[in-house]
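Data first, discussion second: the structure below is written as structure tokens.
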Amino acid sequence: MTEPRELVMTISLNALEHLGINLYSNIPAVLSEVVANAWDADAKKVQVTIDKVAETITIEDDGTGMDRDGVIDRFLTVGFKRRDELGDVTALGRKPMGRKGIGKLSIFSVAQVAEVFTTLDGDRTAFRMDREVIRKAIAGKGDNTYKPDELTDWPSDLQAGTRIVLSKISKSLSGMTVEGLKRRVARRFSVIGPKNNFVVEINGNAVGPDDRGYHNALQYLWTYGDQNTFASSCSNLERPAEPRLTAINDELNKAGISLTGWIGTVSSPSQLKDEEGDNLNRVAIFMRGKMAQEDILDIFGQKEIYADYVIGELHCEELDVDEKGDIATSSRQSLKEDDPRFEALRRIVLSELRYIASRWSDWRRSDGAKVAMTVPAVSNWLSSLKGDTKKKAERWIGRLNTIRSQGDTDKKELLKASILAFESYRRKEELDRLDDIKDESMEQILDIFKNIDDLELSYYGQIVKLRIGVVRALQEKLKQNDKELVLRDYIFEHLWLLDPSWERAKGTEHAETLINKFLKEDSAALKGNEKTGRIDIGYRTAGGKHVIIELKRASVSVPLDDLTKQVRKYRDGARRLLRTTDYAGWPIEIICLIGKPPPEWDDVDGTGPQGVIDALKNVDARIVFYDQLLTNSQRAYADYLTEHVKVDKLWGVFEAIDNFSPPDKE
């Protein structure tokens, strides 16, 4: 009786490291290599089982399997040229995905141990491979051979095909989900499903084309070849898919390649981040139904906004033709960019991306205007415009759909800004026509300036609304923090918190530098209670005034005499420094922001509140309490808005935009 051949693997340590241990960094990529081998073996069903308790991954297929000679000559032979030995078509007429016989080594990038059980025509072979044992066996040896441990126990439920059990997993299984694995495996193949009689299951759940998870995110779609099935699954397309194959057929024929698949764009870039954190903003290249390069989009260096929205899958079978050589790099994860076939594909795809960029911009602008029109108030505003002015407004508003934004809130703000911007543009056009208006047409001139006043009113109304939002945010912060510490960050740059009529004056930077230097020097010279009682002090110009603001610690009550003495020093010092500037005639106002009033405030029979107010008024000062500051500011602005909404013609439009909720997509 002939002795069975010995199970022996010949492999170099370098091959094990680069094509095994370091080939992939994630489990889905490794599973894809094993699934591809099952396809090549004419399997009709592949079952993947993730056992988080036992920390094992089992991949089983019902393909042809291998006898002992097949294991030795094919599985244990690194670099086995499958197509040369077994032909370019399988018994079921499939085009094999494997080429160089190195994909099986990828299992060692996620697992230390692999147990293989395979059978063909009743010939069973079972063995165990250990990555660390292999490494030790071939380290420093000339023959680079490794002998797996043969196994005698055969799984009773395995009747045909091949089963591989991976253990001592180096990647954590705890956070892995079945749905996440299904998505990642589905994205790597286009042959999975009943159409190709190739079923893949993960923990009993079938993987299908819809598991890729991005078809319902597509807004626009460009197709190459028959993509009707895919296009019909994209339920949220806002326009019919645009066939593009006819437009590029001549270029494809010249290059001697074919192209099928699709390129699409989504409504928002955030849709291209999946639950596992994968970036789907890419165009993948497929050969023989398997992803060959995860992304070629980045090689084009597209900086236009549209590129943030792009996703695609393109299939080019001529990239994997045996007689033209192997186009894949040694890592098997990308394609050789200097190959003439890839260069031709890259040139054609770049041309298509440029076309798509133009169409995307046109469609987004047009559809952006349509979305805006679904807000009745905006529709009414547009309807009030005439002729070219209306067309310009629609284009203007449509631009918001071609600007990077993070969500509906940003889009609403952009829509409001677009309306204001267009109204400004209209006013400019009106001003440009002033030269053409006759002297006696005073009514037309007054109408133009009235329109300008209306626009200024709308602008300020939005500013006030934003300021009320700031006040509310500050009120929330003050509930949790020391008042003076929070307000210190805002008060000097937002003088409107103290007085709605105060806006920062421009061109007074030199004066501000002089006074602030004086105040800082004064602070540095303070000692004792004066030093501990002050939080900060600063100077600004606003509303034709010189404003000095001192923030007292909220817990400190400063006697009135001390307070007036300090204030007088600030006022006199500022006057002295301002004497040589252009702003010497402006009045000085000093505000003491305090938490507790001076002790004299509670002196009912003596000074009292009015006496404190009068004493500070004599030195051009007044006090503002921390607790009153935000309340007074909010009340002042709220009162203003109550009257403002009655006269602002755009207020209702903006309110309608804020309250608008776009219809949910399926």
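The values are calculated or read from the model by the stated rules, or taken from the named source; none is laboratory data. This is a predicted model, so every value here is computed, not measured. Methodologically, a virtual Cβ is constructed for each residue, glycine included, from the backbone with ideal geometry; neighbour enumeration extends over all protein chains shown.
For the structure I just gave you, tell me whether D123 is free of Cβ contacts under 8 Å to residues at least 40 places away in the same chain and of a type in the set (D, E, K, R). For D123, the condition - free of Cβ contacts under 8 Å to residues at least 40 places away in the same chain and of a type in the set (D, E, K, R) - is not met.
Among the residues that make up the range 556-577, is at least one of them part of a loop (DSSP other than H, G, I, E, B), at pLDDT below 85 and not aliphatic (A, V, I, L, M)? No, the range 556-577 contains no residue that is part of a loop (DSSP other than H, G, I, E, B), at pLDDT below 85 and not aliphatic (A, V, I, L, M). Checked across the range 232-244, the condition of being closer than 26 Å to I305 by Cα, modelled with pLDDT of 95 or more, assigned by TED's automatic domain parsing to the domain that holds F286 and over 30 Å from the mean Cα position of the chain (by Cα) holds for no residue.
Inside the range 604-619, can you point out the residues that are surrounded by 15 or more Cβ atoms within 10 Å (Cβ to Cβ) and not in a helix (DSSP H, G or I)? If the condition is that a residue be surrounded by 15 or more Cβ atoms within 10 Å (Cβ to Cβ) and not in a helix (DSSP H, G or I), then T607, V619 are the ones that fit. In the set (1) at pLDDT below 85; (2) crowded, with 22+ Cβ neighbours inside 10 Å, the condition left unmet by A41 is number (1).
For the range 275-293, does any single residue satisfy the condition of being touching a Pro at 6+ places or on another chain (Cβ under 7 Å) and either touching a residue at least 60 places away in the same chain (Cβ under 8 Å) or in a helix (DSSP H, G or I) (or both)? So far as the range 275-293 goes, no, none of its residues is touching a Pro at 6+ places or on another chain (Cβ under 7 Å) and either touching a residue at least 60 places away in the same chain (Cβ under 8 Å) or in a helix (DSSP H, G or I) (or both).
Every listed requirement among (1) part of a strand (DSSP E or B); (2) among the aliphatic types (A, V, I, L, M); (3) under 29 Å from the mean Cα position of the chain (by Cα) is met by V165 save one, (3). Going by the structure shown, is R183 within 30 Å of the chain's Cα centre (by Cα) and closer than 14 Å to V35 by Cα? So R183 does not fit the description; no. I'm trying to understand the selection: among the residues of the range 350-398, which are in a helix (DSSP H, G or I), free of Cβ contacts under 8 Å to residues at least 60 places away in the same chain and hydroxyl-bearing (S, T, Y)? Those that are in a helix (DSSP H, G or I), free of Cβ contacts under 8 Å to residues at least 60 places away in the same chain and hydroxyl-bearing (S, T, Y): S358, S361, S366, S379, S383, T389.
Of the residues making up the range 329-387, those that are polar (S, T, N, Q), within 29 Å of the chain's Cα centre (by Cα) and modelled with pLDDT of 80 or more are S351, S358, S361, S366.
Check the range 620-640 and report whether any residue there is modelled with pLDDT of 85 or more, out of contact with any Pro (no Cβ under 9 Å at 6 or more places or on another chain) and surrounded by fewer than 13 Cβ atoms within 10 Å (Cβ to Cβ).
No - not one qualifying residue is present in the range 620-640.
Among residues of the range 578-603 that are of a type in the set (D, E) and part of a loop (DSSP other than H, G, I, E, B), those with a beta-carbon under 9 Å from a residue that is surrounded by fewer than 16 Cβ atoms within 10 Å (Cβ to Cβ) and modelled with pLDDT of 90 or more at least six positions away or on a different chain give the pairs D603/G611. Take the residues in the range 108-141 that are touching a Gly at 6+ places or on another chain (Cβ under 8 Å), of a type outside the set (F, W, Y) and modelled with pLDDT under 90, then tell me which one is farthest from R74 (Cα to Cα). Across the range 108-141, the extreme among qualifying residues is S109. Of the strands (runs of 3 or more DSSP E) lying entirely inside the range 170-267, not one carries at least 1 residues that are in contact with a Pro (Cβ under 9 Å, 6 or more places away or on another chain) and exposed (fewer than 15 other Cβ atoms within 10 Å of the Cβ).
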